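Inspection log for the structure reproduced underneath, given as structure tokens.
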Amino acid sequence: MALSPSHYVPYEAKTVYIKVYSYTDKNIVGALSNTSLDNEIGFSNLTELILIIERILGDLNYPQATVNMRSFNHDRLDDSFQFRDDSNSTSRTIARFSLKVMYKQYSSWQGTLVYIDENQEINFRSVLELIYLLDSVLSLC
């Protein structure tokens, strides 16, 4: 049985850059960018941030998920919102991160988060751990 050729994704496309404008009462607001996008995309809460990243990963088909996502309805979970162009935002950035999801196993993400402003890098083993890492930085901003 022949193996099908793998889908090549450029190294730069594997990284999502996140700018945080505010973190009030644990509500994250900011914008993200990726080389596969024409403009920055704004987000106004954590759910939106996670779903936008999931959509980008899905569009790139990288990394490939080990299981299919389930939902209560048969529509895709992340099709219910529209991307907002945030390329002209004049908001002050309080923190910057780069996020690289290396694996999508056990219905979650595993990868690396870099806190750009302090040049600190840490691996995460799940989206929940990623949220705790983001909170550990943003609570101090």
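The values are calculated or read from the model by the stated rules, or taken from the named source; none is laboratory data. What you see is a predicted model, and the numbers here were worked out from it, not measured in a lab. No Cβ is skipped: glycine too gets one built from the backbone with ideal geometry, and neighbour counts run over all protein chains shown.
Candidates are the residues of segment 64-95 that are assigned to a strand (DSSP E or B) and modelled with pLDDT of 70 or more; the one that is nearest to Val127 (Cα to Cα) is Ala65. Among the strands (runs of 3 or more DSSP E) confined to segment 1-59, the ones with at least 1 residues that are at pLDDT 90 or above and under 14 Å from Ala95 (Cα atoms) are located at 15-24, 27-33. Entry remark, segment 11-48: residues being in contact (Cβ under 8 Å) with a residue 12 or more places away in the chain and closer than 18 Å to Ser107 by Cβ number 1 in total. Assess whether Ser98 counts as being modelled with pLDDT of 95 or more, polar (S, T, N, Q) and within 20 Å of Pro10 (Cβ to Cβ). For Ser98, the condition - modelled with pLDDT of 95 or more, polar (S, T, N, Q) and within 20 Å of Pro10 (Cβ to Cβ) - is met. Of all residues assigned to segment 103-111, none qualifies as being under 23 Å from Tyr62 (Cα atoms), at pLDDT 95 or above, touching a strand residue (DSSP E or B) at 6+ places or on another chain (Cβ under 9 Å) and surrounded by fewer than 17 Cβ atoms within 10 Å (Cβ to Cβ). Of the residues examined, Ile122 is one that is touching a helix residue (DSSP H, G or I) at 6+ places or on another chain (Cβ under 7 Å) and farther than 20 Å from Asn45 by Cα.
Taking the criterion of being in contact (Cβ under 8 Å) with a residue 60 or more places away in the chain and either in contact with a Cys (Cβ under 6 Å, 6 or more places away or on another chain) or among the aromatic types (Phe, Trp, Tyr) (or both), the residues of segment 86-128 that qualify are Ile94, Ala95, Phe97.
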